[in-house]
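Visitor: Sharing a structure here in structure tokens format.
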Amino acid sequence: MKMRCYNMSKGGLWMNERQMQIIKYVSERGKVRVKELASYVDTSEVTVRKDLTALEEQGILKREQGYATLKDTSDINYRIAVNYDIKKAIAKEAIKYVANNATIMIDAGSTCAVFAQTLGASGKQVTVITNASYLVRHIQHYENIRCIVLGGEYQKNSQAMVGPLTKLCAEQFRVDKIFVGTDGYSKETGFTGDDMVRAETVRVMAGQARETYVLTEASKFNHPGTVSFLHADKVSHVITSQGLSPEILEEMALANVQVTIV
């Protein structure tokens, strides 16, 4: 079988399909023996150990004696790697809505990072305004992307700028579109985050855009989250994966939100 490789960026993640299977399997179980992984992906233990070494070097998984375990699940490299193929499909669809020579905002988030890298690879001339320092690493090699990073307090776990200074910086700009991720959704509160300071920062950033695009896997609609940052009627377009319930689709339609499923 031909093994396809996925490159997040010139300075980012490298994964092949087998490594993506390993990530998914360990994510579902938390801790897995190397022998079990070898059986699952139908290869030798030697090959699995090499895969685990590569994934550990990229900060995605970690190795213990005879086991593979999860790293910090809040780590951005881990979050980008999980369901990367779905994130990539969402990103490919999202770049269709970015015009050449546009100025856009991009939020911190794993799907947004894949979107930014995909945008860079597209060759479109785009100015990107972002609060995510790690996102810059994924687009810095693309000469067609001009990047403006918002200042503020550096939040280590999200590798993003947040807080009053970031909001003040965001308010100096006005853009046509912003692309954001989400940690969850509920009918009562709309799109939600798991961090109050970051959620408030994103809310202000979205307020500077004429249209807001939410890029997210369908599974996020099954989690209510903790902090509201955008009600559905403030969102123009959701680009997501298969699996939205009829109830969610109806809620989006009532809020005049366009939904694209990849």
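The values are calculated or read from the model by the stated rules, or taken from the named source; none is laboratory data. Note that the structure is a prediction, hence the values are computed from the model and not measured. Positions of Cβ are generated from backbone atoms using ideal geometry, with glycine treated the same way; all protein chains shown enter the neighbour counts. With ligands, DNA and RNA removed, areas are computed over all heavy atoms of the protein, side chains included. Shrake-Rupley method; radii C 1.70, N 1.55, O 1.52, S 1.80 Å.
Visitor: Which condition breaks for R63 when tested against (1) more than 30 Å from L135 (Cα to Cα); (2) outside any helix (DSSP H, G or I); (3) modelled with pLDDT of 75 or more; (4) open to solvent by 50 Å² or more (accessible area, probe 1.4 Å)?
Guide: Of the numbered conditions (1) more than 30 Å from L135 (Cα to Cα); (2) outside any helix (DSSP H, G or I); (3) modelled with pLDDT of 75 or more; (4) open to solvent by 50 Å² or more (accessible area, probe 1.4 Å), the odd one out for R63 is (1).
Visitor: Which residues, taken from segment 95-119, are in contact with a strand residue (DSSP E or B) (Cβ under 8 Å, 6 or more places away or on another chain), of a type in the set (G, A, S) and buried (at least 17 other Cβ atoms within 10 Å of the Cβ)?
Guide: Result: A108, G109, A113, A116.
Visitor: Another question about this same structure. Cβ-Cβ distance below 8 Å, separation of 6 or more or different chains: which pairs start in segment 231-253 with a residue that is surrounded by fewer than 16 Cβ atoms within 10 Å (Cβ to Cβ) and end on one that is of a type outside the set (A, V, I, L, M) and assigned to a loop (DSSP other than H, G, I, E, B)?
Guide: Sorted first by the residue in segment 231-253, then by its partner, the pairs are H231/T189; D233/N256.
Visitor: Right, next: Counting just the residues of segment 160-192 that are open to solvent by 30 Å² or more (accessible area, probe 1.4 Å) and part of a loop (DSSP other than H, G, I, E, B), which one comes out farthest from F221 (Cα to Cα)?
Guide: Looking only at segment 160-192, we keep the residues that are open to solvent by 30 Å² or more (accessible area, probe 1.4 Å), and these are 161, 164-165, 167-169, 171-174, 176-177, 183, 187-189.
Now drop any that are not part of a loop (DSSP other than H, G, I, E, B), which leaves 171-174, 183, 187-189.
Numbers: E171: 29, Q172: 32, F173: 30, R174: 29, D183: 9, K187: 10, E188: 13, T189: 12 Å.
Here the answer is Q172.
Visitor: Against the definition (modelled with pLDDT under 95, part of a loop (DSSP other than H, G, I, E, B) and under 12 Å from the mean Cα position of the chain (by Cα)), how does A108 come out, yes or no?
Guide: Considered against the rule, which asks whether it is modelled with pLDDT under 95, part of a loop (DSSP other than H, G, I, E, B) and under 12 Å from the mean Cα position of the chain (by Cα), A108 comes out as yes.
Visitor: So which of T166, T182, T189 ends up being more than 16 Å from the chain's Cα centre (by Cα) and farther than 16 Å from T130 by Cβ?
Guide: Numbers: T166 fails: farther than 16 Å from T130 by Cβ; T182 fails: more than 16 Å from the chain's Cα centre (by Cα).
Being more than 16 Å from the chain's Cα centre (by Cα) and farther than 16 Å from T130 by Cβ holds for just one of T166, T182, T189, which is T189.
Visitor: Shifting gears a bit: Scan segment 74-94 and give yes if some residue there is open to solvent by less than 60 Å² (accessible area, probe 1.4 Å), modelled with pLDDT under 80, touching an Asp or Glu at 6+ places or on another chain (Cβ under 8 Å) and in a loop (DSSP other than H, G, I, E, B), otherwise no.
Guide: Among the residues of segment 74-94, not one is open to solvent by less than 60 Å² (accessible area, probe 1.4 Å), modelled with pLDDT under 80, touching an Asp or Glu at 6+ places or on another chain (Cβ under 8 Å) and in a loop (DSSP other than H, G, I, E, B), which makes the answer no.
Visitor: If you check V197 against the conditions, is it at pLDDT below 95, closer than 23 Å to I104 by Cα and not small (G, A, S)?
Guide: On the way: at pLDDT below 95: yes; closer than 23 Å to I104 by Cα: yes; not small (G, A, S): yes.
It is true that V197 is at pLDDT below 95, closer than 23 Å to I104 by Cα and not small (G, A, S).
Visitor: Looking at segment 1-35, which of its residues are modelled with pLDDT under 75 and open to solvent by 40 Å² or more (accessible area, probe 1.4 Å)? Show your work before the answer.
Guide: We begin by selecting, within segment 1-35, every residue modelled with pLDDT under 75; these are 1-15.
Those that are modelled with pLDDT under 75 and open to solvent by 40 Å² or more (accessible area, probe 1.4 Å): M1, K2, M3, R4, C5, Y6, N7, K10, G11, W14.
Visitor: Okay, moving on. Is there any pair linking a residue in segment 36-64 that is under 13 Å from I23 (Cα atoms) to one that is buried (at least 16 other Cβ atoms within 10 Å of the Cβ) and small (G, A, S), with Cβ under 7 Å and at least six apart or on different chains, and which?
Guide: L37/A68; V48/A38; L52/A68; I60/A81; L61/A68
Visitor: Right, another one. Name the residues in segment 126-143 that are over 10 Å from A108 (Cα atoms) and in a strand (DSSP E or B), would you?
Guide: Our first condition is that a residue be over 10 Å from A108 (Cα atoms); within segment 126-143, this holds for 126-129, 136-143.
Passing the criteria: V126, T127, V128, I129.
Visitor: Name the residues in segment 221-257 that are in contact with a helix residue (DSSP H, G or I) (Cβ under 8 Å, 6 or more places away or on another chain), within 22 Å of K88 (Cβ to Cβ) and of a type in the set (S, T, N, Q), would you?
Guide: T240, S241, Q242
Visitor: Just to check your reading of the model, which residue among L215, L254 is touching a strand residue (DSSP E or B) at 6+ places or on another chain (Cβ under 7 Å) and at negative phi?
Guide: Working: L254 fails: touching a strand residue (DSSP E or B) at 6+ places or on another chain (Cβ under 7 Å).
Going through L215, L254 in turn, just one is touching a strand residue (DSSP E or B) at 6+ places or on another chain (Cβ under 7 Å) and at negative phi: L215.
Visitor: Spot the failing condition for V214; the list is (1) open to solvent by less than 10 Å² (accessible area, probe 1.4 Å); (2) touching a Pro at 6+ places or on another chain (Cβ under 8 Å); (3) of a type in the set (V, I, T), and only one is missed.
Guide: Result: V214 fails condition (2) only.
Conditions (1) polar (S, T, N, Q); (2) assigned to a strand (DSSP E or B), marked per residue:
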{"site": "F221", "(1), (2)": "no, no"}
{"site": "S228", "(1), (2)": "yes, yes"}
{"site": "A253", "(1), (2)": "no, no"}
{"site": "V259", "(1), (2)": "no, yes"}
